[in-house]
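This report concerns only the one structure given below.
The values are calculated or read from the model by the stated rules, or taken from the named source; none is laboratory data. In this text, all values refer to a predicted model and were calculated from it rather than measured experimentally. All Cβ positions, even for glycine, are placed from backbone atoms using ideal geometry, and neighbour counts span all protein chains on display. These area figures cover heavy atoms from the full protein model, side chains too; ligands, DNA and RNA do not enter into them. Shrake-Rupley method; radii C 1.70, N 1.55, O 1.52, S 1.80 Å.
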Amino acid sequence: MTTQRTAIVTGAARGIGAEVARRLAADGHAVAVLDLDEAACQKVVDEIVVAGGRALAVGADVSDEVAVEAAVSRVAAELGAPTILVNNAGIIRDNLLFKMTVSDWDAVMGVHLRGAFLMSREVQNYQTKEGWGRIVNLSSTSALGNRGQANYSAAKAGMQGLTKTLALELGRFGVTANAIAPGFIATDMTAATAERIGMSFDDFKAAMAKEIPVQRVGEPADIAHAVSFYASEGAGFVSGQVLYVAGGPKD
Ligand SMILES: NC(=O)c1ccc[n+]([C@@H]2O[C@H](COP(=O)([O-])OP(=O)(O)OC[C@H]3O[C@@H](n4cnc5c(N)ncnc54)[C@H](O)[C@@H]3O)[C@@H](O)[C@H]2O)c1
């Protein structure tokens, strides 16, 4: 049986984060669905509640220190001490290096790295007090390098370093920290990439699937399954790891 915990999933109004929120709720946890716009979180909250779970919509920008403090306090007051944190919020601002602006660089670092740092620093207060916690950070196969993504690949490699350090510092308090590095997952983020390069999303997915050993693109549920494992009671001896969920290794 699952012990009911309180989870916070950032960037959970849509895509991977929404599916992770639904999955953690199905696993028996109360879930804070956090995203930039609180109203946009309500649909996911309603789905969780209709399915018999507990959830709360929380509007916050994860790169804003004051907003993060307020959001995490509100979750603790309304849902209970948060001990599961999924740092999933993300943006892309792709461009080749010579065309990349400082604001493209800063925006991506701000959401992924500063956001995961601020959220983790806030939530660890509750985790260390409870003597139990799970942090799951969304990295990416782009951490290995990806043309047009100097900002994003650096941020996603940074997420792996952050994860390992959190594992080292927080392990003695019963807190694990792990990362998931997805390959291509069909979401609004990858749909936007298809649009940017002038392809239909279906053609883009078909072309990507040919390059993936299992011959299909990923779905948000593929990532939610991995998050569910890391968040589980039984995964307490797994920490500081990076799980590539990408349908196979690259050639
Ligand atoms: N889709 C993929 O192929 C893929 C691959 C590897 C990694 N990832 C990572 O997985 C995560 C989720 O990706 P997705 O495809 O679901 O993206 P998405 O664009 O569909 O959803 C991201 C969500 O994050 C929210 N968000 C953005 N900035 C925020 C901020 N400052 N504060 C709070 N919320 C914010 C957005 O509003 C959005 O709802 C991201 O970290 C992404 O980098 C995705």
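Confirm whether Asp202 is within 16 Å of the ligand (Cβ to nearest atom), touching a strand residue (DSSP E or B) at 6+ places or on another chain (Cβ under 9 Å) and part of a helix (DSSP H, G or I). Against the criterion (within 16 Å of the ligand (Cβ to nearest atom), touching a strand residue (DSSP E or B) at 6+ places or on another chain (Cβ under 9 Å) and part of a helix (DSSP H, G or I)), Asp202 does not qualify. Scan the stretch 74-89 and tell me whether some residue there is away from the ligand (no atom under 11 Å from the Cβ), part of a loop (DSSP other than H, G, I, E, B) and within 18 Å of the chain's Cα centre (by Cα). No, there is no match, as no residue in the stretch 74-89 is away from the ligand (no atom under 11 Å from the Cβ), part of a loop (DSSP other than H, G, I, E, B) and within 18 Å of the chain's Cα centre (by Cα).
Evaluated against (1) within 25 Å of Val111 (Cα to Cα); (2) without any contact (Cβ under 8 Å) to a residue 60 or more places away in the chain; (3) within 16 Å of the ligand (Cβ to nearest atom), Ala25 falls short on exactly one condition, (3). With respect to the conditions (1) among the small types (Gly, Ala, Ser); (2) near the ligand (Cβ under 9 Å from one of its atoms); (3) open to solvent by less than 10 Å² (accessible area, probe 1.4 Å); (4) over 25 Å from Gly218 (Cβ atoms), Ala57 falls short on a single one, namely (2). Residues in the stretch 169-197 that are over 20 Å from the mean Cα position of the chain (by Cα) and assigned to a helix (DSSP H, G or I): Glu169, Gly171, Arg172, Phe173, Ala194, Glu195, Arg196. Of all residues in the stretch 1-49, those satisfying the criterion of being under 17 Å from Phe229 (Cβ atoms), in a helix (DSSP H, G or I) and open to solvent by 10 Å² or more (accessible area, probe 1.4 Å) are Ile16, Glu19, Arg22, Arg23, Ala25, Ala26.
The numbered conditions (1) within 11 Å of the ligand (Cβ to nearest atom); (2) open to solvent by 10 Å² or more (accessible area, probe 1.4 Å); (3) of a type outside the set (Ser, Thr, Tyr); (4) under 20 Å from Leu24 (Cα atoms) are all true for Asp188 except (4). Remark: Thr163 matches the filter, which requires a residue to be within 23 Å of Asp61 (Cα to Cα), among the β-branched types (Val, Ile, Thr) and surrounded by 21 or more Cβ atoms within 10 Å (Cβ to Cβ). Examine the stretch 90-104 for a residue that is within 16 Å of the ligand (Cβ to nearest atom), part of a strand (DSSP E or B) and open to solvent by less than 40 Å² (accessible area, probe 1.4 Å), and state whether such a residue exists. No: zero hits.
For Val227, the test of being open to solvent by less than 80 Å² (accessible area, probe 1.4 Å), among the β-branched types (Val, Ile, Thr), within 27 Å of Ala26 (Cβ to Cβ) and touching a Phe, Trp or Tyr at 6+ places or on another chain (Cβ under 6 Å) is failed.
One line per residue, one yes/no per condition, for (1) within 21 Å of Leu118 (Cβ to Cβ); (2) small (Gly, Ala, Ser); (3) out of contact with any Lys or Arg (no Cβ under 6 Å at 6 or more places or on another chain):
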residue	(1), (2), (3)
Arg147	no, no, yes
Tyr152	yes, no, yes
Lys156	yes, no, yes
Gly161	yes, yes, yes
Ala167	yes, yes, yes
Gly174	no, yes, yes
Ala181	no, yes, yes
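If only residues of the stretch 167-184 that are touching a residue at least 60 places away in the same chain (Cβ under 8 Å) and out of contact with any helix residue (DSSP H, G or I) (no Cβ under 6 Å at 6 or more places or on another chain) are counted, the one that is farthest from the ligand (Cβ to nearest atom) is Gly174.
On the given criteria, is Arg14 among the basic types (Lys, Arg) and more than 10 Å from the ligand (Cβ to nearest atom)? So Arg14 fails the test.
Counting only residues that are away from the ligand (no atom under 14 Å from the Cβ) and either within 22 Å of Ala143 (Cβ to Cβ) or in contact (Cβ under 8 Å) with a residue 40 or more places away in the chain (or both), the stretch 208-217 holds 2 of them.
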